Amino acid sequence: MVGLGPRKPPSRKGSMADVPKDLLDQIKRLEELFTVPKEKLKEITDHFVNELAKGLTVEGGSIPMNPTWCMGFPDGYETGTFLALDMGGTNLRVCEINLPEEKGEFDIIQSKYRMPEELKTGNAEELWDYVADCLQQFIEYHHEGEELDELPLGFTFSYPATQDYIDHGVLQRWTKGFDIEGVEGKDVVPPFEAALKERGVPIKLTALVNDTTGTLIASAYTDTDMKIGCIFGTGCNAAYMEDCGSIPKLAHLNLNPKLPMAINCEWGAFDNEHKVLPRTPYDIIIDKESPRPGQQAFEKMIAGLYLGEIFRLVLVDLHGNQDVKIFEGQDLGKLKKAYSLDASFLSSIEEDPFENLSETQDLFQNKLGITTTKPELELIAHLTKLIGTRAARLSACGVAAICKKKNITSCHVGADGSVFNKYPHFKARGAQALREIFDWTTRKDPIEILPAEDGSGVGAALISALTLKRCKEGQTAGIRDPEAMLAAAKTTTVHK
Ligand code: BGC
């Protein structure tokens with residue numbers, strides 16, 4: 001069907017005139033459930049600040065606040081050739097990154113491999129075999145017939161992992177719907193290296209990196225105002241630079257208190273004890289039915305993996321409510337399938353430019369086999385906006401909390417991920433929330449969330465380069481086997 005209404009900018013007003021009372025009442029109820037007012041944003045932020053600090057203590061809290069052994073920002077003059085492996089939530093990407101002599105420059109070649117759905121709930125051996133196969137393919141394709149020394153690799157492993165060394169990491173728990181047996185609680189590096197060795201792939205893992213740390217470092221490579229790296233994608237999280245003296249749980253190592261240390265916050269776990277976040281009944285269902293109930297409370301209200309599911313749960317609930325007439329007499333078989341809608345479905349609804357929401361109508365018809373009335377479409381549009389706005393506003397609380405904790409009053413925040421890059425109005429709504437949290441009245445916002453450089457590729461390469469450089473200079477804190485690391489350094493040029 002072709003939209004009949006005039007093309008309008010995305011801020012359609014909508015008309016409630018013909019919406020019957022039962023649906024109007026529900027729209028009101030949903031507004032109350034999903035709106036996070038300014039005062040609540042401030043309350044969440046303040047609690048967040050305390051929880052960030054608690055995560056750094058020996059006793060710990062719900063937010064893991066993992067030290068990453070990435071100990072400093074790049075100066076723009078890092079050089080060398082590095083491989084990067086990005087194991088995110090959806091794809092697997094292998095990159096080769098060349099950092100040339102020119103300040104802040106990089107060249108990258110890359111191949112993407114789809115992460116097969118069944119792998120996400122399979123077993124550890126299949127996972128590492130698949131990952132090693134992808135790396136092998138990449139090297140065979142790009143370096144056919146070449147005699148290779150071991151290539152240094154930065155492995156972006158975007159899950160919570162504790163690290164005693166930069167080249168290892170014990171997975172705390174799977175997130176983003178992954179549920180692979182036999183990996184949690186173990187160091188992920190040995191089985192990964194074993195799979196490479198079995199295939200004779202000439203790679204030396206130099207750094208295990210979180211995507212947020214990669215984002216922080218890659219963004220700081222080209223913009224020295226970048227102080228925080230964030231991912232708003234399938235999952236959500238942030239990293240920032242702490243000083244070792246402010247990390248009580250590292251005190252036993254007697255590190256120089258002034259040394260910098262990037263912290264992977266793993267803030268998806270914020271408020272796992274449900275003290276402050278305004279959870280709705282739908283958030284509670286999401287949590288209960290996830291593979292890890294009780295975990296990632298904040299992430300489950302914000303991240304791309306869950307936005308479509310929240311929306312779906314609301315609609316199914318309304319349909320089952322006898323007092324509400326919605327999608328009456330229709331087969332809701334498709335809508336009733338868990339996780340059948342992803343965040344891009346919501347993006348399309350928010351992008352519907354037509355006053356009569358005809359694109360949304362087509363979407364429901366084609367994807368779900370549901371015929372919608374005008375009032376139903378109004379409710380759908382409202383609900384989508386509420387879910388998207390809540391996600392952006394809650395995300396801002398995390399950014400504000402890091403800034404408050406570190407007394408940062410002005411900076412750039414580098415952000416990446418499908419929700420940040422593709423979800424309509426996410427950036428503007430997040431910026432508005434920051435203004436409310438900090439009561440800014442200035443024309444230019446002092447703290448701005450901007451699109452980041454490629455953290456999982458370039459960031460991982462830079463962290464490898466920084467680690468090798470540190471190793472060469474004899475600063476071997478958090479490096480398991482400095483000699484082996486230096487051997488890898490021989491194959492690449494590190495820093496002028
Ligand atoms: C993971 C983090 C990651 C984030 C974004 C979360 O689910 O726990 O490690 O940074 O997703 O990818």
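Exactly one residue among 122, 88 is at pLDDT below 95 and closer than 17 Å to residue 216 by Cβ, and that residue is 88. Does the range 89-104 hold any residues that are open to solvent by less than 10 Å² (accessible area, probe 1.4 Å) and closer than 20 Å to residue 140 by Cβ, and which are they? Passing the criteria: 92, 94, 95, 97. A Cβ distance below 7 Å, combined with a sequence gap of six or more or placement on separate chains, defines the contacts here; from the range 176-197, residues that are under 18 Å from residue 166 (Cα atoms) reach residues that are β-branched (Val, Ile, Thr) and open to solvent by less than 30 Å² (accessible area, probe 1.4 Å) in the pairs 192/131.
The condition of being assigned to a strand (DSSP E or B) and more than 16 Å from the ligand (Cβ to nearest atom) holds for only one of 197, 249, 227, that being 227.
Just the residues that are in a strand (DSSP E or B) and over 18 Å from residue 159 (Cβ atoms), please, taken from the range 202-224.
If the condition is that a residue be in a strand (DSSP E or B) and over 18 Å from residue 159 (Cβ atoms), then 203, 204, 206 are the ones that fit.
If I ask for residues that are open to solvent by less than 10 Å² (accessible area, probe 1.4 Å) and either within 16 Å of the ligand (Cβ to nearest atom) or at positive phi (or both), which ones from the range 73-87 would you list? Within the range 73-87, 76, 80, 84, 85, 87 meet the criteria. The residue that is farthest from the chain's Cα centre (by Cα), counting only those in the range 410-430 that are more than 17 Å from residue 223 (Cα to Cα) and surrounded by fewer than 17 Cβ atoms within 10 Å (Cβ to Cβ), is 428.
Every residue, every condition in (1) open to solvent by less than 10 Å² (accessible area, probe 1.4 Å); (2) on the phi < 0 side of the Ramachandran plot; (3) in contact with an Asp or Glu (Cβ under 8 Å, 6 or more places away or on another chain), yes or no:
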{"residue": "181", "(1), (2), (3)": "no, yes, no"}
{"residue": "186", "(1), (2), (3)": "no, yes, no"}
{"residue": "189", "(1), (2), (3)": "yes, yes, yes"}
{"residue": "200", "(1), (2), (3)": "no, no, no"}
{"residue": "219", "(1), (2), (3)": "yes, yes, yes"}
{"residue": "224", "(1), (2), (3)": "no, yes, no"}
{"residue": "227", "(1), (2), (3)": "no, yes, no"}
{"residue": "248", "(1), (2), (3)": "no, yes, no"}
{"residue": "251", "(1), (2), (3)": "no, yes, no"}
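Annotation: of all residues in the range 7-45 being of a type in the set (D, E, K, R) and at pLDDT below 95, the one that is least open to solvent (accessible area, probe 1.4 Å) is 12.
The values are calculated or read from the model by the stated rules, or taken from the named source; none is laboratory data. Because the structure is a prediction, the values reported are computed rather than measured. Because the Cβ atoms are built from the backbone with ideal geometry, glycine has one as well, and the counts that use them run over all protein chains shown. The area values use the complete protein model at the heavy-atom level, side chains included, leaving out ligands, DNA and RNA. Shrake-Rupley method; radii C 1.70, N 1.55, O 1.52, S 1.80 Å.
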